[in-house]
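K.L.:
One structure, pasted below without further comment.
Each value in this text was obtained by applying a stated rule to the coordinates, not by laboratory testing. This structure is a prediction, so every number in the text was calculated from the model and none was measured. In this analysis, Cβ positions are derived from the backbone assuming ideal geometry, glycine residues included, and neighbour counts consider all displayed protein chains.
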Amino acid sequence: MGAQMRPAAGAMALAEMKEFAGFAAGTQRYVRRSLDIGLDRDDAMKRWSRDVVEAASIRAQSRVYDRLPDIRAMVPEDSGLDSVEPFMGSLVAVSAFDLGQGRLTSFSAYRFLYERLLGAQVRPWLPGAFCAAAALPHLHPELRRTLLQTISEAAATASGWSTRAPSFYPDWVEKVDTAALPN
């Protein structure tokens, strides 16, 4: 049975890579930067900061992402409303920050990032958090409209969600000077 699991896992990783490759370059960069910050992978300031504006954005994102461990711990195990308020309030606040940065331009990019930041167990809550954050007044009305139009009916009304953990976590890739490569 283990041999049957490997091709499926490989196929899923390939599908995740393909999905990521379909995002705009700015979205890809923001997702990698966010994973570095949110998963404490690397020194995001050193790696991603190109100017003082981006440095300020990274510092702000780090402060907002300080909530992620608490959000991970609060993900409700069922759809009971008892634990939804503190969890959704925090998730929507962090989501609103990310959407306000203008780099996550679709529900699929948002879902891709948040599945990795918070884990597979957060999937059922992502459509609601995305819609709530995308509808907040801090976003320009045109951006709100654009974001809300990216969530499909299937995503918004799914009757169930996979519990499979993501397998592809995009990371920094050093540029290769092709002129220096032998012919």
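K.L.:
Would region 86-153 count as rounded, prolate or oblate if I go by the C-alpha gyration tensor, calling it rounded below 1.5 in a/c and otherwise prolate when a/b exceeds b/c, oblate otherwise?
P.N.:
Prolate, since a/c reaches 1.5 and a/b exceeds b/c.
K.L.:
Okay, moving on. Using alpha-carbon pairs under 8 Å, 6+ residues apart, how would you state the relative contact order of the chain in percent?
P.N.:
Averaging sequence separation for qualifying contacts and normalising by length gives 25 percent for the chain.
K.L.:
At 222 nm, what helix-only mean residue ellipticity would the chain give, in deg cm²/dmol to the nearest 500, using -39500 (n - 2.57) for each DSSP H run of four or more?
P.N.:
Rounded to the nearest 500, the figure is -18000 deg cm²/dmol.
K.L.:
Now, a different point. In what sequence do LEU117, LEU81, LEU14 fall when counting other Cβ within 10 Å, fewest first?
P.N.:
Ranked by crowding around the Cβ, least crowded first: LEU81, LEU14, LEU117.
K.L.:
Under the rule of at least 5 residues apart or a separate chain, name every residue whose amide H is placed under 5 Å from the amide H of ASP40.
P.N.:
Here nothing satisfies the definition.
K.L.:
Of the residues SER83, SER162, SER49, which exhibits the maximal mean-square fluctuation in a Gaussian network model of the chain defined by a 10 Å Cα contact cut-off?
P.N.:
SER162
K.L.:
Of THR105, THR163, THR146, THR27, how do they rank once you tally other Cβ atoms within 10 Å and put the fewest first?
P.N.:
THR163, THR146, THR105, THR27
K.L.:
Of all the stretches in the chain, which is the longest one without any exposed loop site, taking GluC sites (Glu not before Pro) in a DSSP loop (any state but H, G, I, E, B) with at most 11 other Cβ atoms within 10 Å?
P.N.:
78-173
K.L.:
Quick one: check the C-alpha center-to-center distance for region 110-164 versus region 42-90, whole angstrom.
P.N.:
If we compute the Cα centre of each part, the gap is 15 Å.
K.L.:
Using a 10 Å cut-off around each Cβ, can you sort PHE112, PHE168 from fewest to most neighbouring Cβ atoms?
P.N.:
PHE168, PHE112
K.L.:
Using the beta-carbon distance between ALA158 and ASP66 and R0 = 25 Å, what value does 1/(1 + (r/R0)^6) give for FRET efficiency, to the nearest 0.05?
P.N.:
Once rounded, the FRET efficiency stands at 0.25.
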